[in-house]
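One structure is given here, and the rest of the page talks about it.
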Amino acid sequence: MTPLTFPVLSILSDGKFHSGEIMAKNFNVSRAAIWHAISGAEKLGVEVFSVRGKGYRLTQSLDLIVENKVKQAIGEMANLFNVTVLDVVDSTNDYLKNAAVNGHPHASCVVSNIQTHGKGRRGRQWQSALGENLTFSFLWRFTKGAAALSGLSLAVGIALIRSLKKLDIHQALLKWPNDILVEDGGVYKKLAGILIELQGDMDGQSAAIIGIGINLNLSKKQVAKIDQPAVSINQFTTESIDPNNFLAIIIKNLAEVLAIFEDSGFTSLKDEWLSYDAFQDKVINITSGDGNLIQGRSQGVDNFGSLQVVTDAGVKTYASGEISIRKAE
Ligand code: BTN
């Protein structure tokens, strides 16, 4: 990409045709410089149409994330948060992890318009494309050690469900430990994912880098790249969602839920989590942390956020693992 790539994308973000010549005049550069800026965007996976005599246009209009817009949307609490907006980054989690080691402040958010190497849980990739996903990480410093943070990812799931409700999206559910799903045509499809990375001591102070990826407006091309059924927010609302406003809503909800979690642990959030549990009382397969596959009936979570499963060998408790619904035979 070139320094002009994002300024040009910002002009093209209205989804209309813009002449290369006029953009060149506006930026006081050559038409070749505009062409280079656009091919830089294409290298980042952005699809740009070019039609002779008309100019360049994106496949659709999009709202870029802009620092001032996010801060304005947060409103009077904006000074409590440190918001950094990047054009492009490999992974917001990696970026913030680095910054956190170097003393980046508590309650910081790093969001990127394009993430080129997004990380998912269990070594998976998180696919995203410009305007199609919201990808950001949030840093929360705890006075407790990492050992006391069990249930943290479930608490973050609650903050996301609360934020979706603010957009009038009420059908989202939680899959233990931390996927946001929506049932669509009898199939659970993923709307958002959470990847938490911890730093610091087990007993002393610790910091959580809370990475969140939310599908806003997936194209067919993007859906085809994702290795599991996926849905996006625009399928559940007729309102157009400005990612700047949505991010502000999430930041405020995260801060609220994390403060509760810090104060009294997962216990006081457990009932709310259970009310959003997609798999409550369902027969599931669970692959535990050590790779064993077990079947059982999901019985929700305990005060530490561990999953309770009724199996042939009695009730088992899982602090980590991967679950899937067991299809009727
Ligand atoms: C998952 O469901 O597997 C977790 C997905 C987490 C993706 C987000 S996108 C922003 C942040 N940066 C990353 O590299 N990953 C997380």
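For SER232, what residues show an amide H to amide H distance below 5 Å, using hydrogens built from the backbone and excluding near sequence neighbours?
Sorted by chain and number, the residues that satisfy this are LEU218.
Using 7 Å Cα-to-Cβ label points, what is the SER19/THR317 separation (nm, one decimal)?
Spacing of the two 7 Å Cα→Cβ label points: 7.1 nm.
Placing +1 on the Cβ of each Lys and Arg and -1 on the Cβ of each Asp and Glu in the chain, which of ASN133, ILE169, TYR56 has its Cα farthest towards the positive end of the resulting dipole?
Of the candidates, TYR56 comes out farthest on the positive side.
If you put +1 on each Lys and Arg Cβ and -1 on each Asp and Glu Cβ, how big is the dipole of segment 156-243 around its Cα centre, in Debye rounded to 20? Write out the running numbers ahead of the final one.
Values: 9 positive and 10 negative charges, 74 e Å.
So the dipole magnitude of segment 156-243 works out to roughly 360 debye.
Which of these, GLU76, GLU262, GLU132, has the largest mean-square fluctuation under a Gaussian network model of the chain (Cα springs below 10 Å)?
Judging by the Gaussian network model, the answer is GLU76.
Rounded to the nearest percent, how much of the accessible area of segment 5-147 (1.4 Å probe, protein heavy atoms only) is carbon and sulfur?
On the way: 3440 of 7220 Å².
The C+S portion of the solvent-accessible surface of segment 5-147 is 48 percent.
Would you list the P(r) distribution for the chain, with all Cα-Cα distances sorted into 10 Å bins from 0 and each bin expressed as a whole %?
The percentages, shortest bin first, are 5, 24, 32, 22, 11, 4, 1, 0.
What FRET efficiency, computed as 1/(1 + (r/R0)^6) with R0 = 51 Å and r the Cβ-Cβ distance, is obtained for GLN205 and ASP168, rounded to the nearest 0.05?
Values: r = 39 Å, r/R0 = 0.76.
My answer for the efficiency is 0.85.
Take the alpha carbon gyration tensor of segment 5-58, find the square roots of its eigenvalues, order them as a ≥ b ≥ c, and report rounded if a/c is under 1.5; if not, report prolate when a/b exceeds b/c, else oblate.
rounded
Roughly how big is the chain's charge dipole about its Cα centre, with Cβ charges of +1 (Lys, Arg) and -1 (Asp, Glu), in debye to the nearest 20? Walk me through the numbers before you get to the answer.
Values: 32 positive and 33 negative charges, 197 e Å.
Charge dipole, the chain, about its Cα centre: 940 debye, nearest 20.
Is the shape of segment 196-329 rounded, prolate or oblate, going by the alpha carbon gyration tensor and its root eigenvalues a ≥ b ≥ c, with a/c under 1.5 for rounded and a/b larger than b/c for prolate?
Working: a/c = 1.83, a/b = 1.16, b/c = 1.58.
It is oblate, given that a/c is not under 1.5 and a/b is not larger than b/c.
Name the residue, out of SER268, SER30, SER153, whose mean-square fluctuation peaks in a Gaussian network model built on the chain with Cα pairs under 10 Å.
SER30
Using +1 at the C-beta of Lys and Arg and -1 at the C-beta of Asp and Glu, which of ILE65, VAL83, PRO105 has the Cα lying farthest in the positive direction of the dipole of segment 54-123?
ILE65
What nm value, rounded to one decimal, do you get for the distance between ASP184 and THR267 when each label is placed 7 Å out toward the C-beta?
4.0
Which one, ASP14, ASP94, ASP179, has the greatest fluctuation when you compute a Gaussian network model over the chain with C-alpha springs under 10 angstrom?
Comparing ASP14, ASP94, ASP179 in a Gaussian network model of the chain, the most mobile one is ASP14.
Could you grab the relative contact order for the chain? Cα pairs under 8 Å, six or more apart, rounded to a whole percent.
On the way: 643 pairs, mean separation 46.1, N = 329.
Relative contact order here is 14 percent.
Does segment 173-219 come out rounded, prolate or oblate, given a ≥ b ≥ c as the square roots of the eigenvalues of its C-alpha gyration tensor, rounded meaning a/c under 1.5 and, failing that, prolate meaning a/b above b/c? Could you put the intermediate results ahead of the total?
Details: a/c = 6.18, a/b = 2.39, b/c = 2.58.
In terms of gyration-tensor shape, oblate.
In debye, nearest 20: dipole of segment 75-218 around its Cα centre with unit charges on the Cβ of K, R (+) and D, E (-)?
That gives a dipole near 300 debye.
Mind giving me the FRET efficiency for ASN285 and TRP35? R0 is 45 Å, r the Cβ-Cβ distance, nearest 0.05 is fine. All intermediate terms of the calculation are to be shown ahead of the outcome.
Details: r = 52 Å, r/R0 = 1.16.
For R0 = 45 Å, the calculated efficiency reads 0.30.
Okay, helix-only estimate at 222 nm for the chain: each DSSP H run of n ≥ 4 adds -39500 (n - 2.57), divide by all residues, round to 500 deg cm²/dmol; what do you get?
-8500 deg cm²/dmol
Could you rank GLU67, GLU239, GLU256, GLU322 by how accessible they are, 1.4 Å probe, largest area first?
On the way: GLU67 70, GLU239 130, GLU256 105, GLU322 40 Å².
Listed by decreasing accessible area, they come as GLU239, GLU256, GLU67, GLU322.
How far apart, in nm, are two points set 7 Å out from the Cα along the Cα-to-Cβ line at ILE325 and at VAL48?
With each label placed 7 Å out from Cα toward Cβ, I get 4.3 nm.
Using packing as a proxy for protection, rank 37-43, 96-102 so that the peptide with the highest average count of other Cβ atoms within 10 Å comes first. Please report the intermediate quantities before stating the final value.
Numbers: 37-43: 18.3, 96-102: 16.3.
Answer by packing, highest mean first, reads 37-43, 96-102.
Taking the DSSP beta bridges in segment 67-275 as the whole, what percent of them are antiparallel, to the nearest 5? Mind showing how you got there, number by number?
Working: 35 of 43 bridges.
DSSP beta bridges in segment 67-275 are roughly 80 percent antiparallel.
When only C-alpha pairs under 8 Å and at least 6 residues apart count, what is the relative contact order of segment 5-58, in percent? List each step's numbers first, then the result.
On the way: 58 pairs, mean separation 25.0, N = 54.
Rounded, it is 46 percent for segment 5-58.
The values are calculated or read from the model by the stated rules, or taken from the named source; none is laboratory data. All values reported here derive from a predicted model rather than from experimental measurement. Cβ: placed from backbone, ideal geometry, glycine included. Neighbour counts: every protein chain shown. Calculation scope for accessible area: heavy atoms of the full protein, side chains included, ligands and nucleic acids excluded. Shrake-Rupley method; radii C 1.70, N 1.55, O 1.52, S 1.80 Å.
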